[in-house]
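The values are calculated or read from the model by the stated rules, or taken from the named source; none is laboratory data. Because the structure is a prediction, the values reported are computed rather than measured. In this analysis, Cβ positions are derived from the backbone assuming ideal geometry, glycine residues included, and neighbour counts consider all displayed protein chains. Remember, those area values only see protein heavy atoms, side chains included, never the ligands or the DNA or RNA. Shrake-Rupley method; radii C 1.70, N 1.55, O 1.52, S 1.80 Å.
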Amino acid sequence: MSKESFYNSNLGLAMARADVGPIIVEKDQPGQPHKGKSFAAVHAHLDDIPFYAGGLCAKLIREGYTGYLIRTSNDEKRGGRSTAANILSNEQEHLKVAAALGFKDTFDLYYQNHEMNGISSLDLRNRLIFLFRMWKVDTVVTFNPWGHGEENPDHWATGRAVEEACWMAGVDNDYHEQVEAGFEAHPVLERYYFVGRPGQPYNRVVDITAHIEKKIDSIVECRSQGGGNLGSQLRSQLAQQGKRLPLLGNDDRTADREYARQFLLDTSRESGKPHKLAFAERFYYIDQRRPQRSAVDEYVAKNAVAL
């Protein structure tokens, strides 16, 4: 079963949510209010970001962020060819996905596909900390590290390593050799954890209507994952039967894009409906940039007297 088919078949469950605060609808901001900031989108497989957060990433980049795309696995098991050919095709398509969404650069960490629960989490965390410090990342987009129902070990291994790296990147004495080499400690305080499985909590709904074309552009680049070229495959099959489907147009590129628009965006449509949005994506959003007053601060404010 494909990623999108699994997700759509459990859409009712996906709307359930834990008590994580009120749902905020995030809409486009005019101009480029985030100019000078950077974000990292970290996924395990080629098609994770396109399906779960492609609209958000395009939105953040349009609003001024510099984006970096990190893929943790080598995707060796997806592509229908030899292991080496699969690794190469997914790597090449990762560059195309990044270009479609507007990312500045991509990194592939090449951990073995579907076996990331057996790798050193310390090694992965160290590499992410280095990248977050090097790019001075302000925001991350990735899997919910506490998301239940996640059977793919690459997903939860990636999400948990990102969560750990976000705060450890801001601690001077963690990997102090990086700091001494000029990569200053830099915590990542804003996080968008996407809903990767039915029933995972969310408190942020992002309007991606204005960015849906870029989301489609990124999805159709995921040919090795079996989702990007379904339209052209169907068009070819129908032609062999002496038939055509007007929806699919007259060329493979159009066929793939219109197939994605018609059949692969149901989750985005359903996520937007309760909020009268054409398309939306859902996230568990955390913002640690706002200072929190402790009990001590509150007590001092109420009880301190002049000397």
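Some notes on this structure:
- Around the Cα centre of the range 159-291, unit charges on the Cβ atoms of Lys, Arg, Asp and Glu (plus for the first two, minus for the last two) sum to a dipole of about 1080 debye.
- Over the range 40-107 - Rg/Rh using Cα atoms and the Kirkwood inverse-distance radius: 1.00
- Amide H contacts of VAL25 (H built 1.01 Å from N, in plane; Pro and chain starts excluded): VAL205 sit under 5 Å, all sequence-distant by 5 or more or on other chains.
- Listed residue pairs exceeding 26 Å between alpha carbons, taken from LYS35/LYS214; LYS59/LYS104; LYS27/LYS77; LYS96/LYS136: LYS27/LYS77
- Loop trypsin sites (Lys or Arg not before Pro), the range 218-307 (other Cβ atoms within 10 Å of the site Cβ: 14 or fewer; DSSP): LYS243, ARG244, LYS276, ARG289, ARG293
- Spacing of the two label points (7 Å from each Cα toward its C-beta) at GLN240 and GLU180, in nm: 6.3
- Averaging the sequence gap over all C-alpha pairs within less than 8 Å and six or more residues apart, then dividing by the number of residues, gives the chain a relative contact order of 23 percent.
- Cα centroids of the range 227-288 and the range 162-204: 33 Å apart.
- Å² of accessible area per residue within the chain, as computed with a 1.4 Å probe and no ligands counted: 47
- In nm, spacing of pseudo-spin labels at LYS27 and ASP123 (7 Å Cα→C-beta vector): 4.8
- Sites listed here are GluC sites (Glu not before Pro) in the range 127-168 whose DSSP assignment is loop and whose Cβ has at most 13 other Cβ atoms within 10 Å: GLU151.
- Surface share of carbon and sulfur [accessible, 1.4 angstrom probe, percent] for the chain: 52
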